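Since the structure comes first, as structure tokens, the remarks are kept for the end.
The values are calculated or read from the model by the stated rules, or taken from the named source; none is laboratory data. As the structure is a computational prediction, the values presented were derived from the model and not from experiment. As a convention, Cβ positions derive from the backbone with ideal geometry for all residues, glycine included, and neighbour counts pool all protein chains shown. Side chains are part of the model used for accessible areas, which takes the heavy atoms of the whole protein and leaves out ligands, DNA and RNA. Shrake-Rupley method; radii C 1.70, N 1.55, O 1.52, S 1.80 Å.
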Amino acid sequence: MSDVDLKGLFLKHAAALRGYLARQVRDPQLAADLVQESFLRLAEQTRGAPIDNSQGYLYRTANNLLIDHVRQEARRKTEAVPHEVLAEIEDDGAGLEAQAMALQQRMALKQAVAELPGRTREIFRLNRIEGMTHAEVARHLDISDSSVQKHLSKALAYVMQRLQATDGRPGDP
């Protein structure tokens, strides 16, 4: 397939494919990325055997890429509790009682993090406090991405258990 044919296919199908993916993921940027990857794979594939149904190939490829993306995100998910829960620990406009409780919670959080094993604590700090991605933490510490995920899962479960225990919530250990 020539570059002209590929350009024609892109002009003909890209907008519809992007719309389809955007409805699936509700993220226009991700949809655009998946469309580009689909056309890239079509371009790579056409150097081999000819494709009879280019439109079908594009939609199937885009759908498979979407499934891969969703699976990858599920594997990376280590958040037992959303960031918002930790962010709500202190409210600037809170009264003295609320500020005292927030201080107590911050101290409990620091204590729980301090009780983590060294490597787990470092991974937690880099990801949750420094804001590094799993891949960045893995490269920084020269470990695998799955190792980062396992340490984070362990750290989050322990920290949340300790915070709930100091809060007096049901389900305390």
Checklist entry - From the set of residues in region 1-58 that are of a type in the set (Lys, Arg) and buried (at least 16 other Cβ atoms within 10 Å of the Cβ), which is modelled with the highest pLDDT? => result 18
Checklist entry - Is it true that some residue in region 105-114 is farther than 19 Å from residue 153 by Cβ, buried (at least 16 other Cβ atoms within 10 Å of the Cβ) and out of contact with any strand residue (DSSP E or B) (no Cβ under 9 Å at 6 or more places or on another chain)? => result yes
Next on the checklist: All but one of (1) under 18 Å from residue 152 (Cα atoms); (2) modelled with pLDDT under 90; (3) not hydroxyl-bearing (Ser, Thr, Tyr) hold for residue 140; state the number of the condition that does not hold.
Outcome noted: (2)
Checklist entry - What about residue 160, is it modelled with pLDDT of 80 or more and open to solvent by less than 80 Å² (accessible area, probe 1.4 Å)? => result yes
Next on the checklist: Please verify whether residue 42 is more than 15 Å from residue 5 (Cβ to Cβ) and either in contact (Cβ under 8 Å) with a residue 12 or more places away in the chain or hydrophobic (A, V, I, L, M, F, W, C) (or both), treating the condition exactly as stated.
Outcome noted: no
Item to check | region 125-155, residues that are open to solvent by less than 50 Å² (accessible area, probe 1.4 Å), over 15 Å from the mean Cα position of the chain (by Cα) and under 21 Å from residue 73 (Cβ atoms) | outcome: 126, 143, 147, 151, 155
Checklist entry - Any idea how many residues of region 129-144 are without any contact (Cβ under 8 Å) to a residue 24 or more places away in the chain, at negative phi and not aliphatic (A, V, I, L, M)? => result 6
